[in-house]
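The values are calculated or read from the model by the stated rules, or taken from the named source; none is laboratory data. The shown structure was predicted, so the numbers you read here are calculated from the model rather than taken from an experiment. Cβ: placed from backbone, ideal geometry, glycine included. Neighbour counts: every protein chain shown. Just so you know, the surface numbers come from the protein's heavy atoms only, side chains and all, with ligands and any DNA or RNA stripped out. Shrake-Rupley method; radii C 1.70, N 1.55, O 1.52, S 1.80 Å.
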Amino acid sequence: MGTLTLDRDEIVRLAALATGDEKHEASSYSTLDALLVLYGHILRVDPEDPAWEQRDRFILSKGHGPAAYYAVLCWRGFFPEHWLPTFTRQGSRLGSHPDRLLVPGVEASTGSLGHGLPLAVGVALALRAKGADQRVVVLTGDAELNEGSNWEAIMLAPQLQLGNLTLLVIDNGSSTIDLVPIHERLAVFGWHAEQVDGRDHAALEAALSARHDQPAAVVATVRTTP
Amino acid sequence: MIAMRGQAIDTVAELFEDDPRVAVVLAEISVDRFNPVFAHDPARAVNVGIMEQTMVGVAAGYALEGFHPVIHTITPFVAERALEQLKLDFGHQQLGVLVITVGGSYDYGSEGPTHHSPGDVQALFTIPATEILVPGAAAEADRLVRATYANGHLTYLRTQLVTNREPRDVEFGRLLVERRGTRATVVAVGPMLDRTLDATAGMDVTVLYATTVSPFDAETLNRELAGDDVIVVEPFYAGTLAGVLSEALGDRPVRLHAVGVPRAMIRDYGTPEQLDHVLGLDGAGIRRQIASAIG
């Protein structure tokens, strides 16, 4: 990894193919930059062998609005480009929420908020039980953190010292409950937490590359269209 | 609770030692009883604290990685409180888990409705392809755990305090024939067997014994069908099995009767046996209801 050129325009083009949106709308998707950095520079994955045992695991807990996710998976070659225009149509593999049984590269089927983080804790424990050094990255939204199940797992993960777990919160300011500063709240629970600009690729890469003894949280703030 | 739960846990502990793919995820309940598991390999055993949603999610994480997770707590806290986690983290992901509950129906007789769960099996039926096991004795729980723990399905096994006097040679997915008669067919579920046999003493009826209620053994039911009445004696809300029985019976012109827990919050206290009596589910109550059903 680390050799791919992050072609943001290409991801925007692919995402717009799925949604039919204009490119300036696709460009504003809050998860787009973080997913691009993850799949371009951070995660070890093999599109030829999606179930490769040595892969890093990524769980999109915030399963809705997955166009940027599908675009990045397509860009990496997990499935062909002609799948994208079928997005949400009858007979398509690409629904409004990703299904692991239908889309190569999707680790977990999500859509109901608050499921991904407990799942990721289990995956992190299982990888540790196997003696594996792969990591688990789970992406949630800021409003998704309203769900109490997340806070169960937020309490649990530091106690289990899951250094192989990274929580990536895409904070687009959509939470009715004011959780800001999210990273400080997570730090109180024992996470290694930091806040970065969710459009800044270098900052995202630096934060997401780091491994710590404790579970890591990266709160990526996205407030404006780039 | 001791006999069936204790046996189920002992069996899981044995499987845990023999099979490195077994993982145990607990939510505070029965942690002491699982001591051998934690001692053997703490990497595959975790107590998450009082977090039932997370217990289910963490177990599904193990399952995603190829493990055979086992989870356990008091019935309503997983079957009802964490039902969506069971539905999505296992049903939707198409992953396997063995859920072992303690305190079915109103076993925690003095604790009140917060700890009762006569609706658990009905709730689990809403998740397609769930396997639902209702053993009636410790040795049956042992057999059913071994038969299902690694089969890749969402399997729900409920244990109760009251057990039958003698375990049967139960087999996953099969009804057993306890008695043959001509006037009616009685299906006794799990811990209801002994009292159903007592209740039908001297009646000319067939008695079948069910410990797997999903998938339901339609073949044996139809082969052994006697008379025009089918009476199910179930330890959960009356009518819980009406759907599967109706489907199993197809278009056969029989009358279906359900003898089970009345659909009302239980506001009385006492031992399970005392509540059985109050709710009409002791031998005398069951006999009265069966006699009334078949005239």
Name the shape class, rounded, prolate or oblate, that the alpha-carbon gyration tensor gives for the protein assembly as shown, where a ≥ b ≥ c are the square roots of its eigenvalues, rounded holds for a/c under 1.5, and otherwise prolate holds if a/b is larger than b/c and oblate otherwise.
prolate
For region B:131-225, inverting the pair-averaged 1/r of distinct alpha-carbon atoms gives a Kirkwood value in Å of 13.5
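Nearest 100 Å² is fine: what is the total accessible surface buried where chains B and A meet, probe 1.4 Å?
Chains B and A together bury roughly 2100 Å² of accessible area.
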Which residue, B:Val205, B:Val254, B:Val162, has the most motion in a Gaussian network model of chain B that connects Cα atoms within less than 10 Å?
B:Val254
Rounded to whole Å and sorted largest first, what semi-axes of the equivalent ellipsoid does the C-alpha gyration tensor of region B:217-282 yield via the square root of 5 times each eigenvalue?
29, 11, 9
Does region B:1-42 classify as rounded, prolate or oblate by the C-alpha gyration tensor (a ≥ b ≥ c root eigenvalues; a/c under 1.5 gives rounded; else a/b over b/c gives prolate, otherwise oblate)?
oblate
Roughly how tilted is helix B:138-148, in degrees to the nearest 10 and between 0 and 90, from the longest Cα axis of chain B?
60
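Quick one: putting +1 on the C-beta of Lys and Arg, -1 on the C-beta of Asp and Glu, what dipole do you get for region B:175-294 around its Cα centre, in Debye to the nearest 20?
Charge dipole of region B:175-294: 240 debye, to the nearest 20.
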Sorted by chain and number, the residues with a modelled amide H under 5 Å from that of B:His257, at a separation of 5 or more or across chains, are B:Val230, B:Ile231, B:Val232
Can you pull out the GluC sites (Glu not before Pro) in region B:61-112 that DSSP calls coil and that have at most 13 other Cβ atoms within 10 Å?
B:Glu111
Would you be so kind as to list the residues of region A:140-155 that have their accessible area lowered by at least 40 Å² in the full protein complex compared with their chain by itself (1.4 Å probe)?
A:Glu152
Hey, what does the equivalent ellipsoid look like for region B:175-294, semi-axes from the Cα gyration tensor as sqrt of 5 times each eigenvalue, largest first, whole Å?
23, 16, 12
Let me confirm one metric for peptide B:15-23, namely the mean number of other chain beta-carbon atoms within 10 Å of its residues' beta-carbons.
1
Is there a simple number for the mean count of other chain Cβ atoms within 10 Å of the Cβ of residues in B:81-93, and what is it?
4
Among A:Thr86, A:Val123, A:Ala202, the residue whose Cα sits farthest towards the positive end of the charge dipole of region A:8-221, when +1 is placed on the Cβ of each Lys and Arg and -1 on the Cβ of each Asp and Glu, is A:Val123
What spacing in nm lies between the two simple spin-label points modelled at B:Asn151 and B:Glu247, each 7 Å away from Cα in the Cβ direction?
1.5
Ignoring ligands, DNA and RNA, what accessible area per residue does region A:152-225 give at 1.4 Å, in Å²?
44
About the Cα centre of chain A, what is the dipole size in debye to 20, counting +1 per Lys and Arg Cβ and -1 per Asp and Glu Cβ, all else neutral?
400
So what's the back-of-envelope 222 nm ellipticity for chain B, counting only DSSP H runs of four-plus at -39500 (n - 2.57) apiece and dividing by all residues, rounded to 500?
-9500 deg cm²/dmol
With only helices counted (DSSP H, runs n ≥ 4, each -39500 (n - 2.57)), the per-residue ellipticity at 222 nm for chain A, to the nearest 500, works out to -9500 deg cm²/dmol
Cβ-placed point charges (K, R +1; D, E -1), dipole of chain B about Cα centre in debye, nearest 20:
580
Highest GNM mean-square fluctuation, chain A, Cα pairs closer than 10 Å: which of A:Asp171, A:Asp21, A:Asp142?
A:Asp21
At q = 0.10, 0.12, 0.16 Å⁻¹, what base-10 log of I(q)/I(0) does the Debye formula yield for chain B when every alpha carbon is treated as an equal point scatterer in vacuo?
-0.50, -0.72, -1.23
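Taking the Kirkwood radius as the inverse of the mean 1/r across Cα pairs, report the Rg/Rh of region A:8-221.
In region A:8-221, Rg relative to Rh is 0.94.
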For region B:2-159, what does the alpha-carbon gyration tensor say about shape, rounded, prolate or oblate, given a ≥ b ≥ c as the root eigenvalues, a/c under 1.5 as rounded, and a/b over b/c as prolate?
rounded
Candidates A:Ala126, A:Ala143, A:Ala16: whichever shows maximal mean-square fluctuation once chain A is modelled as a Gaussian network with Cα springs under 10 Å
A:Ala126
Accessible surface of region B:2-159 [probe 1.4 Å, protein heavy atoms]: carbon and sulfur percent
50
Any residue on another chain or 5+ positions along whose placed amide H is under 5 Å from the amide H of B:Arg179 is listed here as B:Val207
